[in-house]
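Structure first, then comments.
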Amino acid sequence: MKLSNYFLPVLKENPKEAQIVSHRLMLRAGMIQQSSAGIYSWLPLGLKVLSKIEQIVREEQDNAGALEIKMPTIQPAEIWQESGRYDDYGLEMLRVKDRHERDMLYGPTNEEQVTDICRSHVKSYRALPLNLYHIQWKFRDEVRPRFGVMRGREFLMKDAYSFDLTPEDARVAYNKMFVSYLKTFARMELTAIPMEADTGPIGGDMSHEFIILADTGESGVFFHKDWLKTDLITNIDYSADLEPVIHKFTELYARTDEKHEPDNCPIKPEDLVEKRGIEVGHIFYFGTKYSKAMAASVSGTDGKPVDLHMGSYGIGVSRLVGGIIEASHDEKGIIWPEAVAPFKIAIVNLKPGNVATDELSETLYQAGLSNGHDCLYDDSKDSAGAKLATMDLIGIPWQIVVGPRGLERNSVELKHRKSGSVAEITPEMAHDFMSGQGRLSMPEADISEKDIPDAN
Ligand code: ATP
Ligand code: MG
């Protein structure tokens, strides 16, 4: 993408309304535009990140055996009256009437809708296990929408729903989702700690919140220091018995402050870490609560009807955009993990109009494109300083800076946003870098001394 053809409305000043860094940076980087309180338009750069996160979530749901569907945003009130939640949900639910005066609502979640699908089609235990998910906009009229996309009123959620014959089978389904969440967040380079949670208004008897660490998080959290070991979540195979795996994780203590009892804490003080965190996912097992209320049963192995055992599994897809920024930024701007970066590489032409820089920049850009690298070519007339600041603000992981003075010495600069390391490389090496398939990396020998990154 050439910047001259793109829509990237970056802001020079810090927007006053933004209280936390992710909100500030998303506005400054031209990712979102507020429409009304807690409701946002997603601009090209923001949408690209949102879609990448959504795709990782989708792939890991698919890997865990869940099946994607798409349920509507607008639901009929009847199914909520059946489950008994139409009145209980209160003011958070946006209620509307259609032209025939029928009560409708903008879905805050989909237990009722998916239970209705299941009871219409699943009649026998042979169709089980079943796990259906969708990635869809939700509306909750939050009392205090704030922090940008972190607590919006309209937000994108992945919600999956499992249906099983027995509590034991439902536990297998729960464990798969538990593991798929660990894999999902690890791909975004996030440490998301599963914390035993209250089951709240959804009810039930098993629940974990997945919490990423950030100083601005709404939840206080306590956990065993081993959670911070980066190699904790290694390859876990779904064909293995997941019970011991889950046990290994849940043995490690992690609780939100609501559930943490300082006097009864089993962890030695020296092993206990206290931090703040952001809830990015929440999984529940709630048994037959909805299947009983909504008559969703199947014929069991002996032919008798059995109420389905259900779980629901949410991930805050749009909240994750803000959450990742909270976890990964510096004073210059966003530092995207490569897997969710809007563009992996930027080519910065410091002097458009200069024959040498134009020619090399264009060649590098084309090399990148033809090798499947999603790159942004800054061919704008902005000042060199503004260009470099923008690339750091929007967090592009790899930046190749092409300037006339460098070219006189036959060199361009390769910069790695995360470590801050900069290498002087030849145009030929830059070309190799752009056309190289697979993982991008710094040519070790050329990293300038001053920029050797801190180990992290
Ligand atoms: P919270 O305690 O933060 O209100 P919740 O328990 O209401 O969350 P769930 O109903 O479990 O959330 O929804 C699943 C996921 O959707 C949450 O883990 C969170 O990541 C995301 N989410 C919930 N409410 C919002 C919101 N208002 N804005 C953005 N994301 C949200
Ligand atoms: Mg809530």
*Note the direction-averaged projected area, equal to a quarter of the hull surface, for the Cα convex hull of the stretch 290-366, in nm².*
11.1 nm²
*Is the shape of the stretch 88-152 rounded, prolate or oblate, going by the alpha carbon gyration tensor and its root eigenvalues a ≥ b ≥ c, with a/c under 1.5 for rounded and a/b larger than b/c for prolate?*
oblate
*Any chance you could count the Lys pairs in the stretch 343-451 whose alpha carbons are under 19 Å apart, treating pairs 8 or more apart or on different chains as valid?*
10
*FRET efficiency, 1/(1 + (r/R0)^6) with R0 51 Å, evaluated for D302 and I69 via beta carbons*: 0.95
*Could you tell me which GluC sites (Glu not before Pro) in the stretch 27-101 are loop residues by DSSP with no more than 14 other beta carbons within 10 angstrom of their beta carbon?*
E101
_I need the phi-derived Karplus couplings for the stretch 215-230: 6.51 cos²θ - 1.76 cosθ + 1.60, θ = phi - 60°, integer Hz, Gly and Pro marked x._
4, 8, x, 7, 9, x, 9, 10, 7, 5, 4, 4, 4, 7, 5, 6
*Find, among the GluC sites (Glu not before Pro) in the stretch 302-360, those assigned to loop by DSSP (not H, G, I, E, B) with at most 10 other beta-carbon atoms within 10 angstrom.*
E331
*Contact order relative to length of the chain, as percent, for alpha carbon pairs under 8 angstrom and 6 or more apart*: 16 percent
_What is the distance in Å between the Cα centroid of the stretch 1-48 and that of the stretch 318-368?_
16 Å
*Please give the per residue volume of the convex hull enclosing the alpha carbon atoms of the chain, rounded to a whole number of Å³.*
175 Å³
*How many Å² of accessible area per residue for the chain, probe 1.4 Å?*
46 Å²
*Efficiency of FRET between S370 and R439 - r from beta-carbon atoms, R0 22 angstrom, step 0.05*: 0.75
*Taking H as built 1.01 Å from N, whose amide H comes closer than 5 Å to the amide H of L105, not counting residues under 5 places away?*
Q75, A77, V96
*Three-way shape label, the stretch 343-451, alpha-carbon gyration tensor, a/c 1.5*: rounded
_Spatially proximal lysines relative to K304 (Cα-Cα < 17 Å; intrachain offsets below 8 disregarded)_ = K123, K292
*Phi to ³J(HN,Hα) by Karplus 6.51 cos²θ - 1.76 cosθ + 1.60 over the stretch 110-120, Hz, x for Gly, Pro*: 10, 4, 5, 4, 6, 5, 5, 5, 5, 5, 6
*Rounded to whole Hz and in sequence order, give me ³J(HN,Hα) for the stretch 406-412 from the Karplus expression 6.51 cos²θ - 1.76 cosθ + 1.60, θ = phi - 60°, writing x for Gly and Pro.*
x, 4, 4, 8, 6, 9, 10
*Of all accessible heavy-atom area on the chain, the percent that carbon and sulfur account for (1.4 Å)*: 50 percent
*Compute the FRET efficiency between D358 and N14 as 1/(1 + (r/R0)^6), taking r as their Cβ-Cβ distance and R0 = 51 Å, and round to the nearest 0.05.*
0.90
*Scan the chain and hand back the longest stretch that contains none of the trypsin sites (Lys or Arg not before Pro) lying in DSSP loops with at most 16 other Cβ atoms within 10 Å.*
124-228
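The values are calculated or read from the model by the stated rules, or taken from the named source; none is laboratory data. If you're wondering where the values come from, they're calculated on a predicted model, not measured in any experiment. Methodologically, a virtual Cβ is constructed for each residue, glycine included, from the backbone with ideal geometry; neighbour enumeration extends over all protein chains shown. Just so you know, the surface numbers come from the protein's heavy atoms only, side chains and all, with ligands and any DNA or RNA stripped out. Shrake-Rupley method; radii C 1.70, N 1.55, O 1.52, S 1.80 Å.
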